[in-house]
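Right, one structure below, let's go through it.
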Amino acid sequence: MNIKNYITSLFQSLRKNPMVMNVVAVASVTLIVKGFGFYKEIVVASSFGLSELLDTFLIASLVPGFIYQVFLGAFKSVFIPNYISEQKSDRPIGSFQSTSFMVTIGTTIFFMVLAYLFTNTFLELFFPNHTEAYYALIKTQFFYLLPCILFWGLSSLLSGLLNIHNEFKYSTIYPVFTSIIILILLFFFKDVFQEKVLAVAMLLGSIVEFLFLAIVAKSKNIIKLNKPDFKAEGTIFMFKQLPAKVSSGFLTGLIPITDKYFAAQLVVGSIAAINYALKIPAFFTAIVVLALSRVLLPHFSKLITENKEEASNQLRKVLKFVFISLVFFIIPIILFSDSIVAFIFERNQFTSEDTLLVSKLQVILLIGAPFYICDNIIVQYLTSLNKNAFMAYVSFGSMTLNIILDFIFMKLYGVYGIVLCTTTIYIIRSLVLFSYANKQKKI
């Protein structure tokens, strides 16, 4: 078979694969969402540059984002495979839904109160030796970001339900509302909200996102609430998996906080520089990760209940295809990193010196991008198998190693050392997870 016939045959087989078509559909919608998001970042860069205001906004968003990713994101990951298992039982699915919503609301309220009470302690511990004006700016924005946790949590659960019912386009498009609202406020209401503009926009965006998902889920007859049952077999099993998944997410979530802690020890603007260096890698990695994770978690969860060996074979095929494709895609971006950063960000408050710094940081992060994406794919597979305990151990090792390497590399290379540490962690972690996932086929 010649190359042309092989490629034609490959594309024909991919087009007939529902999983592949779902991934392509989600990737297409994600491209639109990230396009808006990326344009939003360009406008933010033009408006604030590597400024103190942007640094403080990023610090203010750390705790709300951390709570969402660690606790609420972990619950969603555990919720999907166990919800699919519950569907196969004769128990009412509405009871499982109600229990999950109550857990989400209760958890968000608890952590909102906890975050509010320990704000000062958090700032003094992780970001010491700054002025009172600096801390005041963080707190002002933080109080607007705090309610976002509740709406993010409910939106996460609703998007998980939509994914299970193959309504991927709705569960993928909803983050665009926050980007649109941020752009509107920056263009037309920046003088009105002043230093609160980004935080207020995030809050309004989280509310609109939740309302959109709730309306869609209700119209699709997906929400079927019933009397909650915390003693049901499926609910108990889900709760047993939750501590390990939360621990894994908690420890993994500490890594960017640790990076920002060390970056805050350097010159003002270091946090913002790392933030901008992440934008371009995050743009395409987010498209791939979101497309794959939204489809693969429910896909693997369903397939494992039917054919565990086939699920393992599909994992290896997906990893091989994704890794090779990403390497070829990333090389040109690395070669033209300076020009890309200058074209996208260099205007107004963002100077040519900023471009050189961000570009070098970006190259280091791009090297780790294929490993980061493959890591995420393996996590979806292991989550489907409920192997959350092992991932918690890996996350603990990753966090510990990250602290050690951050300290060493920062002393040696400054801000470059912090992103070098991040890339090193991606590579090591993905290799460990792949080795473990590969052994599951034999069990």
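The values are calculated or read from the model by the stated rules, or taken from the named source; none is laboratory data. Note that the coordinates shown come from a computational prediction; the quantities given were computed from them, not determined experimentally. Reconstructed Cβ throughout: ideal geometry from the backbone, glycine too, with neighbour counts over all protein chains shown. SASA here: full protein model, heavy atoms, side chains in, ligands and nucleic acids out. Shrake-Rupley method; radii C 1.70, N 1.55, O 1.52, S 1.80 Å.
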**OP:** Tell me, please, whether a residue that is of a type in the set (S, T, N, Q) and either over 30 Å from residue 160 (Cβ atoms) or touching a strand residue (DSSP E or B) at 6+ places or on another chain (Cβ under 8 Å) (or both) can be found in the stretch 400-408.
**Re:** yes
Subject >> Selection status of residue 283, of a type outside the set (Gly, Ala, Ser), open to solvent by 70 Å² or more (accessible area, probe 1.4 Å) and assigned to a helix (DSSP H, G or I) >> reply: no
Original post:
Out of curiosity, is residue 57 under 30 Å from residue 346 (Cβ atoms), assigned to a helix (DSSP H, G or I) and not acidic (Asp, Glu)?
Top reply: yes
Original post:
Among the residues of the stretch 414-428, is any in contact (Cβ under 8 Å) with a residue 12 or more places away in the chain, part of a helix (DSSP H, G or I) and closer than 21 Å to residue 296 by Cβ?
Top reply: yes
**OP:** Determine which member of the set 402, 348, 388 is crowded, with 22+ Cβ neighbours inside 10 Å, more than 23 Å from residue 297 (Cβ to Cβ) and in contact with a helix residue (DSSP H, G or I) (Cβ under 9 Å, 6 or more places away or on another chain).
**Re:** 402
Original post:
Tell me, which residue of the stretch 398-443 that is of a type outside the set (Val, Ile, Thr) and touching an Asp or Glu at 6+ places or on another chain (Cβ under 7 Å) is modelled with the lowest pLDDT?
Top reply: 441
**OP:** Take the residues in the stretch 410-437 that are touching a Leu at 6+ places or on another chain (Cβ under 7 Å) and more than 23 Å from residue 373 (Cβ to Cβ), then tell me which one is surrounded by the most Cβ atoms within 10 Å (Cβ to Cβ).
**Re:** 415
Original post:
Can you name the residue in the stretch 127-163 that is of a type in the set (S, T, N, Q) and touching a residue at least 12 places away in the same chain (Cβ under 8 Å) and, of all such residues, is surrounded by the fewest Cβ atoms within 10 Å (Cβ to Cβ)?
Top reply: 140
**OP:** Hey, can you tell me all the residues within the stretch 351-370 that are open to solvent by 40 Å² or more (accessible area, probe 1.4 Å), in contact (Cβ under 8 Å) with a residue 24 or more places away in the chain and not β-branched (Val, Ile, Thr)?
**Re:** 357, 360
**OP:** Considering (1) outside any helix (DSSP H, G or I); (2) loosely packed, with under 11 Cβ neighbours inside 10 Å, say which one residue 317 fails and leave the rest.
**Re:** (1)
**OP:** Quick one: count up the residues across the stretch 169-202 that are touching a residue at least 60 places away in the same chain (Cβ under 8 Å) and touching a Lys or Arg at 6+ places or on another chain (Cβ under 6 Å).
**Re:** 3
Original post:
Any chance the stretch 327-336 includes a residue that's part of a helix (DSSP H, G or I), farther than 30 Å from residue 161 by Cβ and open to solvent by less than 40 Å² (accessible area, probe 1.4 Å)?
Top reply: yes
